[in-house]
Amino acid sequence: MNLKPSIDANLPQHLYDGYRAFRAGRLPTEQSRYRELAERGQSPQTMVVGCCDSRVSPEVIFDAGPGELFVVRNVANLVPPYSPDGLYHGVSAALEYGVTVLRVKHLVVLGHARCGGIQAFASNGPTGDFIGKWISLLGPAAASVEAHKQDDDYLKRLEQTSLQRSLENLTTFPFIRGACDRNALALFGAYFDVATGELSVLERDSGRFVTVARD
Ligand SMILES: [Zn+2]
């Protein structure tokens with residue numbers, strides 16, 4: 001297949017502008033950090049499973065610098081169950097690398113309000129060749145909040161229940177369960193409200209999301 005006609009040598013202008021701003025601003029202030037990371041390699045303490053949504057960037061929300069977060073993003077921040085079936089598993093591969101090679105200490109599933117993937121599932125929206133199969137992972141969470149389908153906060157309920165389900169799925173991975181059992185890894189659930197910028201964190205005992213204080 002000839003790719004040449006579909007590859008443009010020039011990036012969109014806003015990416016050049018952004019890169020130049022990075023070279024002039026952030027790079028000089030973090031130059032030594034980049035050099036150190038290049039020489040020693042990365043050793044982030046924290047991994048985040050987030051959504052592809054352009055409004056929910058983990059590095060922005062947690063004000064993280066280079067080398068601090070190991071991030072995998074996918075549609076609706078879902079974690080599939082452990083399934084070593086020889087097929088292609090991008091999220092599971094990232095989890096395996098983060099936990100067994102980088103040995104991250106904290107693993108956060110970051111969900112968010114107004115998630116398009118969750119909305120698509122709830123409204124039986126467009127599914128395409130891949131999205132429908134992927135968001136079918138929401139099925140068990142949706143079944144457990146079925147009784148609330150007419151409630152105003154149904155989507156939020158589904159977003160937060162799905163997040164909890166993803167945390168449960170994390171524990172189906174033997175290397176994650178093993179690391180948790182050795183107290184080498186802790187799991188967290190966090191939920192970002194796109195409109196207000198509020199972050200809430202899942203409380204293990206109550207199963208509720210508690211808003212993080214602003215200061
Ligand atoms: Zn989303």
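So for the stretch 167-174 (the condition being out of contact with any Leu (no Cβ under 7 Å at 6 or more places or on another chain), over 18 Å from Val201 (Cβ atoms) and of a type in the set (D, E, K, R)), does at least one residue qualify?
Within the stretch 167-174 (the criterion being out of contact with any Leu (no Cβ under 7 Å at 6 or more places or on another chain), over 18 Å from Val201 (Cβ atoms) and of a type in the set (D, E, K, R)), the answer is no, since none of the residues qualifies.
Against the condition on the phi < 0 side of the Ramachandran plot, of a type in the set (Lys, Arg) and more than 15 Å from the chain's Cα centre (by Cα), how does Arg165 come out, does it pass?
no
Would you be able to say whether some residue in the stretch 26-44 is in contact (Cβ under 8 Å) with a residue 40 or more places away in the chain and either within 16 Å of the ligand (Cβ to nearest atom) or of a type in the set (Gly, Ala, Ser) (or both)?
Yes, the stretch 26-44 contains a residue that is in contact (Cβ under 8 Å) with a residue 40 or more places away in the chain and either within 16 Å of the ligand (Cβ to nearest atom) or of a type in the set (Gly, Ala, Ser) (or both).
Being assigned to a helix (DSSP H, G or I), among the charged types (D, E, K, R), on the phi < 0 side of the Ramachandran plot and out of contact with any Leu (no Cβ under 8 Å at 6 or more places or on another chain): is that true of Glu36 here?
Answer is yes for this residue.
Does Leu95 satisfy the condition of being within 11 Å of the ligand (Cβ to nearest atom) and either surrounded by fewer than 19 Cβ atoms within 10 Å (Cβ to Cβ) or closer than 26 Å to Glu203 by Cβ (or both)? Break it down into steps so the answer makes sense when it comes.
Details: within 11 Å of the ligand (Cβ to nearest atom): no; either surrounded by fewer than 19 Cβ atoms within 10 Å (Cβ to Cβ) or closer than 26 Å to Glu203 by Cβ (or both): yes.
So Leu95 fails the test.
Of all the helices (runs of 4 or more DSSP H) wholly in the stretch 126-215, which have at least 2 residues that are open to solvent by less than 40 Å² (accessible area, probe 1.4 Å), of a type outside the set (Gly, Ala, Ser) and modelled with pLDDT of 95 or more?
154-170, 174-181
Pick out the one residue from Val56, Val60, Val49 that is under 25 Å from Ala113 (Cβ atoms), part of a loop (DSSP other than H, G, I, E, B) and within 16 Å of the ligand (Cβ to nearest atom).
Only one candidate qualifies: Val56.
The values are calculated or read from the model by the stated rules, or taken from the named source; none is laboratory data. A quick note: this is a predicted structure, and the numbers were derived from the prediction, not measured. Counting neighbours? That spans all protein chains shown, and the Cβs are built from the backbone with ideal geometry, glycine included. Note: areas computed on protein heavy atoms with side chains; ligands, DNA, RNA excluded. Shrake-Rupley method; radii C 1.70, N 1.55, O 1.52, S 1.80 Å.
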